[in-house]
Protein chains: 4
Amino acid sequence: MYLRQTQELTHAAALIVLQGAIAKAEVMNVPQCIAVVDTGGNLLAFIRMDGAKVLSQISATQKAVTAASSRVPTGGVSAEVETKLALVTDGKLTNLKGGIPITIGGQIVGAIGVGSGTGEQDVEVGMAGIEALKQAIAGQ
Amino acid sequence: MYLRQTQELTHAAALIVLQGAIAKAEVMNVPQCIAVVDTGGNLLAFIRMDGAKVLSQISATQKAVTAASSRVPTGGVSAEVETKLALVTDGKLTNLKGGIPITIGGQIVGAIGVGSGTGEQDVEVGMAGIEALKQAIAGQ
Amino acid sequence: MYLRQTQELTHAAALIVLQGAIAKAEVMNVPQCIAVVDTGGNLLAFIRMDGAKVLSQISATQKAVTAASSRVPTGGVSAEVETKLALVTDGKLTNLKGGIPITIGGQIVGAIGVGSGTGEQDVEVGMAGIEALKQAIAGQ
Amino acid sequence: MYLRQTQELTHAAALIVLQGAIAKAEVMNVPQCIAVVDTGGNLLAFIRMDGAKVLSQISATQKAVTAASSRVPTGGVSAEVETKLALVTDGKLTNLKGGIPITIGGQIVGAIGVGSGTGEQDVEVGMAGIEALKQAIAGQ
C-alpha cells in the first residue's frame, strides 16, 4: 500500500542496449544518437555515433524521456494535441518516432531514444538495442 | 476603491480537492497528475498518482495556472491564437483540456489542473475534486 | 547483473508524509512548503501551507531533489564546493538544510524537502513527515 | 592558411574511455557519472553508474565541456573569477575538479568529465578513462 516494487536497468545493461543499437546502425550504415533513460526519465547512457547529427542528441534524449513517461512508444499522440503537449513541456515531450519503453518480464525498466535517421530507421535501431538486452538476459 | 476583498483556498481545502480528484481517478482506473493553484497561479498542492506520466506534472500544473489566469476552463481558446499564446508565454499558457477554475459562492478562489488521461478524463477528475470541496463546505 | 530491484513510494505514502509534516508544522506554528520526490527526483506530492513563503516552493522542492540525488540530508556539502555545485546545476542542487532521504527497511525510497522556516525547523518538520510514514507502515 | 586539420574521437574511442573510467570507479567502489565530449564540447558518450548521484549528470557533463573549451583540466581558475565565469555562462563553465582534456599525440581530441565522488576521486577516474584509450591506441 505504501511502497511499490520497481526495477531499473544497471549501467551494464544500459551499455548492452547502446552496443546492440550501435551494431544495428552500423549494419544499416545510418549513424545515430542513442540515449537510454531510467523509468523516471533520467539519463543513464548515451552515444553519438561518428557522423550523427549533433542536434539529435536532444531529440534522441527527449524521445527516451517521453517513452519512459508515457510508457508507450513515441509517435502515437494525436495531431490535435501533440503541439500543445510539446509547447507546455518546453519540448520535453516529443511525438517524434524513435522512443521505445524497455520492457523486461512484463515490467517497464527504462526507455531508449534514437535520433538522426528517419523515424523508421530510429525505431529499428532502438528495437535492436532492446533485443540485445533481452538476449543477454536470456543467456545468463 | 483602494482594496478588494479576495478569498483563497486554505491548504486544508487544497488537500480535500486533491483527495476528491484522486478518489474519482481511482474509480475510473486512470492515474493522474493533479495540481491545485491559488488565484495568482502559485502552486498550493500537487500529487502524482501511481502510474501517472511523469511529464504530466508539467502539463497538469500549467493547466491549473492557465485556468486561474483566464478564469475559465482551459481548451476554449481559438485555434488561431492558441499556439501564439503558448509561444509568447514560453509554454506557461496551455489550451489543453483539464484546467478548471474553482468557484465558491460565485467567486473564483483558485484552480485545479489534471493531466495524464485524455482531455475528457482530465476534466472529469478535476470536476470531482471541486465537487468534493463544495460538499465539504456544504457539510460544515 | 542487468536489473536492480528498487522501491518507490506510492501516492498514498506520499500523502501520509505530507500530513505528518503538516501536523508537526501546525504544532510548531511555522507554516511550510513541503515536497516529496521519488528516488529519481521527480515530484510526487507538494503542499504550501497557509502563510508559507511562495518562493519556498522552489527551495523545498530542490532540497528534496538534492537529498534524493545525493542520498544524504542536505546541508553537508563543504563551503568550498557548495556554490560551484549550485551554479553548475542552475540551482537544482542546494545545500540549504531541510532535504532528507526517506529510508524504509534500509532502502532509500524517495526524499522530503521542507522550506519556509529556519533550517532547523525545516529539518524537524521533514523528520516528522518521515516518522508518520514509518508509523503507518509499522501499523499495517 | 584557410583550413586547419583537427582530430576527434570516434564513438568507438569514446566507449573505450567510458569503460576504462567505469573499471577504475568499480575498483575504487565509487559510482560515477562520466561524460565524454568532442573538442567543441558536444556530448559524445555518457554513463551513470549504479548508485551515482542523478544530479551529477549535469556537473560531469559541464566539467567535460569546460575542459574541452579551456584546454586545461578544470579546477585551476582563480577564486577571484570562478563565480563570475560560472554566472556569465549560466553555469556552463565550472571550476569543479574532474574535467580533463584528452590529449593524443600532443593534440587535444576531446575531454572527459567525471562527477559524483570527491574532486580527487573524479580526477582519478577521468585519468583512468584517458589511460585506457592511450593503451588501446598503443596496442593497435
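Read the figures in this text as sums done on the coordinates, not as results from a lab. Everything numeric in this text was worked out from a predicted model, so none of it was measured. Here Cβ is always computed from backbone atoms with ideal geometry, including for glycine, and neighbour counts include all displayed protein chains.
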Expected vector for segment D:101-109, Karplus 3J(HN,Hα) from phi with 6.51, -1.76, 1.60 and θ = phi - 60°, integer Hz, x for Gly and Pro, equals x, 9, 10, 10, x, x, 10, 6, 10
Here segment D:63-74 yields Karplus 3J(HN,Hα) values (6.51, -1.76, 1.60; θ = phi - 60°; whole Hz; Gly and Pro given as x) of 4, 5, 4, 5, 5, 5, 6, 8, 6, 9, x, 5
What a careful reader reports for the chain B Cβ nearest the rotation axis onto chain C, distance rounded to whole angstrom, is B:F46, 2
The aspartates and glutamates whose Cα lies under 14 Å from the Cα of A:K53, excluding any fewer than 8 residues away in the same chain, are A:D122, D:D38
With the label set 7 Å along Cα→Cβ, D:G76 is separated from its counterparts in the other copies, in nm and shortest first, by 3.3, 5.3, 6.4
Excluding residues fewer than 8 positions from D:K84 in its own chain, the aspartates and glutamates with Cα under 19 Å of it are C:E80, C:E82, C:D90
Ranked on Cβ counts within 10 Å of their own Cβ, fewest leading, C:D122, C:D38 go C:D38, C:D122
Karplus ³J(HN,Hα) for segment B:51-61 (6.51 cos²θ - 1.76 cosθ + 1.60, θ = phi - 60°; Hz, whole; x = Gly/Pro) runs x, 5, 5, 4, 5, 5, 4, 5, 5, 4, 5
Taking only the alpha-carbon positions of chain C as identical scatterers, the Debye log10 I(q)/I(0) at q = 0.10, 0.11, 0.15 Å⁻¹ comes out as -0.30, -0.36, -0.65
Here the whole-number average of other chain Cβ atoms within 10 Å per Cβ of A:65-76 is 2
Hull volume per residue for the protein assembly as shown, using the convex hull of the C-alpha atoms, in Å³ is 193
Sorted by chain and then number, the residues having a modelled amide H within less than 5 Å of the amide H of A:T10, at least 5 places away or on another chain, are C:L3, C:R4
Here the correct list, in nm and shortest first, of distances from C:E131 to the same site in the other copies, label points 7 Å along Cα→Cβ, is 3.9, 4.9, 5.7
Partner shielding of D:37-44, as the mean number of partner chain Cβ atoms within 10 Å, equals 3
Per residue of A:46-53, other chain Cβ atoms within 10 Å number on average 6
Once the in-chain neighbours fewer than 8 apart are removed, the lysines whose Cα is under 18 Å from A:K134 read A:K24
Distances in nm between the label point of B:Q5 (7 Å along Cα→Cβ) and its equivalents in the other copies, shortest first, are 5.8, 6.0, 8.4
By Cβ neighbour count within 10 Å, fewest first, B:K92, B:K97 rank B:K92, B:K97
Final fewest-first order of C:V37, A:V72, B:V54 on the 10 Å Cβ neighbour count is A:V72, B:V54, C:V37
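Given all pairs of different Cα atoms, what value in angstroms does the Kirkwood hydrodynamic radius of segment D:63-130 take? Present the calculation step by step, with values, prior to reporting the outcome.
Numbers: mean 1/r = 0.0840 Å⁻¹.
This gives a value of 11.9 Å.
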